[in-house]
Amino acid sequence: MEQVNTIGRRKASVARVYVRKGSGAIIVNGKDYKDYFPQNHIQFNITDPLATVEVSGEYDIKVNVKGGGYKGQAEAIRLGISRALSKINEDHRSPLKVKKYLVRDARVVERKKYGKPKARKSFQFSKR
């Protein structure tokens, strides 16, 4: 195994993930993932697929991510890492599938319609 690359998407975010054997460094857009995502619950999103299949510290992960907010980016990275781990070893697939890390969450923001202030909200109706 030289290097495995996968794509993860969520909302408007697209993450390109590159996984190779190494010391366990996770680099997101040229920074350490703890600097890029300072919140602990967001960092957990990124490291949980590795902890689920018990390979923390075995792979170096390099990520290029763009678009969306920090939560969408983190979940896009999580999907990309999960796909890469299942590509590396087919035995990793079932524990990741149980936690639904291999499913692309397709929910996106609904577009605003004309004649309305938001996507579905309407102005107050007056009968008379």
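The values are calculated or read from the model by the stated rules, or taken from the named source; none is laboratory data. This structure is a prediction, so every number in the text was calculated from the model and none was measured. In this analysis, Cβ positions are derived from the backbone assuming ideal geometry, glycine residues included, and neighbour counts consider all displayed protein chains. For accessibility, only protein heavy atoms count, side chains too; no ligands or nucleic acids. Shrake-Rupley method; radii C 1.70, N 1.55, O 1.52, S 1.80 Å.
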In whole Å, largest first, the alpha carbons of the range 29-118 cover along the principal axes 54, 30, 20
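What is the dipole size for the range 61-128, taken about its Cα centre, with +1 at each Lys and Arg Cβ and -1 at each Asp and Glu Cβ, in debye to the nearest 20?
On the way: 21 positive and 5 negative charges, 150 e Å.
Computed about the Cα centre, the dipole is about 720 debye.
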Give me the dipole magnitude in Debye, nearest 20, for the chain about the Cα centre, with unit charges on the beta carbon: positive for Lys and Arg, negative for Asp and Glu. 1560 debye
As I understand it, the dipole of the chain uses +1 on the Cβ of Lys and Arg and -1 on the Cβ of Asp and Glu, about the Cα centre. Which of G115, S126, I61 lies farthest toward its positive end? S126
Of the candidates N89, I46, G22, the farthest towards the positive dipole end of the range 1-114 (Lys/Arg Cβ +1, Asp/Glu Cβ -1, centred on the Cα centre) is I46
Rounded to the nearest 10 Å², the 1.4 Å probe accessible area of K100 is 140 Å²
Where Rh is the Kirkwood radius over the Cα pairs of the range 1-69, the temperature 37 °C and the viscosity 0.692 mPa s, what D in µm²/s does Stokes-Einstein return? 263 µm²/s
Angle in degrees between helix 70-88 and the longest Cα principal axis of the chain, rounded to the nearest 10: 40 degrees
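Hey, how much of the P(r) for the range 67-114 falls beyond 13 Å, as a percent of Cα pairs? Walk me through the numbers on the way to the answer.
Working: 693 of 1128 pairs.
Tail of P(r) above 13 Å: 61 percent of Cα pairs.
Rounded to the nearest whole Å², what accessible area per residue is found for the range 1-104 with the 1.4 Å probe? Walk me through the numbers before you get to the answer.
Working: 5640 Å² over 104 residues.
Per residue, the range 1-104 has 54 Å² of solvent-accessible surface.
Per 0.36 nm of contour for each residue apart, how much would the distance between V4 and R16 grow if the chain were fully extended, relative to their Cα-Cα spacing? Intermediate results must be reported in sequence, preceding the final value.
Numbers: separation 12, 0.36 × 12 = 4.32 nm, distance 1.06 nm.
So the extension gain works out to 3.3 nm.
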Rank by packing, highest mean first: peptides 53-65, 103-115, with packing defined as the count of other Cβ atoms within 10 Å averaged across residues. 53-65, 103-115
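Ranked highest first by average number of other Cβ atoms within 10 Å, how do 38-44, 93-99, 12-18 line up? Write out the running numbers ahead of the final one.
On the way: 38-44: 12.3, 93-99: 14.4, 12-18: 20.0.
The densest-packed peptide leads the list: 12-18, 93-99, 38-44.
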